[in-house]
Amino acid sequence: MAKEKDTAMVMETWDNYHPIYMECILKDRPDFLEFFANGGVEEDFEFSLLGDVRGLTLLDTCCACDARQAFTWTNLGAKVTACDISPVAIAIASENAKTIGLDLEFVVADARTLDPIPDDCYDIVYATYLSWYEDIEQACRTWHRVLKPGGRLLYTGGFPVTVSRNYYDRSPNYYLFDATPAGRKYGVNVNIPTVNFHHTLSDLVNAIAKSGLRIDQMVESGLKSDASPYSIPEDLAIIATKPIG
């Protein structure tokens, strides 16, 4: 019951925030839609890790309203299905895709279960935003389920450092969500109660391994900005393969 309430809380947070979030993105990047309409590809380090993705089926587990990763994968030639737990995010992202002129499928789905998605059907699962769901072992089992034999998981996310709590404290973190960095830049503070979850690096690695996926590679990005008190990588990526047979 507690997990269901937490999931509903996260969904409500993002259903309320996504319209504001998209407005802030367009203020910050007035050419956002034009960029992708002209074949633009974001420069995040993970987009070069899988090599040529042209013609491959790819599932984005958490696209958000901007869907910039999904649009990037599409412009790289992948056949993309973009999911998000928030119906509002999917509605906004779908309209943006129409405006841009990109052909990809959007599905409302929880990244931990992906209930509408059939088994063994994707070449790539692109997974992000781990802090918004508690049971990462369930999520990794699901990602294994939807991958074709020989398919690959690409997980990317922030390096799992904590500032205000013990690194090994895995209890739910209930707090008032104000905004994303894009929103804070324009003075947004929605002040919505929500929850997120901390997972250690070993939690993530072990969850992937227990799911039956074979971990092939872990890659770390460049260091955090000078404003950060930590001299550690900004992000990390893990590539894992679903064995054949």
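The numbers here are math on the coordinates, done by the rules we state, and not lab data. Everything numeric here is computed off the predicted structure, so don't read it as measured data. Note that each Cβ is placed from the backbone with ideal geometry, even for glycine, and that neighbours are counted across all protein chains shown.
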### Task
Only Lys, Arg, Asp and Glu count, each charged at its Cβ (+1, +1, -1, -1), so figure out the dipole size of region 2-241 about its Cα centre, rounded to 20 debye.
320
### Message
For region 2-241, give me the percentage of DSSP beta bridges that are antiparallel, rounded to the nearest 5 percent.
### Response
55
### Summary
Once the dipole of the chain is set up from charges on Cβ (+1 Lys and Arg, -1 Asp and Glu), the residue from the list Gly183, Leu147, Leu76 lying farthest towards its positive end is Leu147
### Task
Rounded, prolate or oblate: pick one for region 7-84, where a ≥ b ≥ c are the square roots of the eigenvalues of its C-alpha gyration tensor, a/c under 1.5 means rounded, and failing that, prolate if a/b is larger than b/c, else oblate.
oblate
### Task
Considering only Val161, Val146, Val80, give the residue with the highest GNM mean-square fluctuation for the chain, with springs between Cα atoms whenever their separation is below 10 Å.
Val161
### Task
Using a/c under 1.5 as the rounded threshold, could you call region 132-195 rounded, prolate or oblate? The axes a ≥ b ≥ c are square roots of the C-alpha gyration tensor eigenvalues, and prolate needs a/b larger than b/c, oblate otherwise.
prolate
### Message
Need one word for region 2-241: rounded, prolate or oblate. Basis is the Cα gyration tensor (sqrt eigenvalues a ≥ b ≥ c); a/c below 1.5 gives rounded, then a/b vs b/c decides.
### Response
rounded
### Message
What do you get for trypsin sites (Lys or Arg not before Pro) in region 107-186 restricted to DSSP loop and a cutoff of at most 13 other Cβ within 10 Å of the site's Cβ?
### Response
Arg165, Lys185
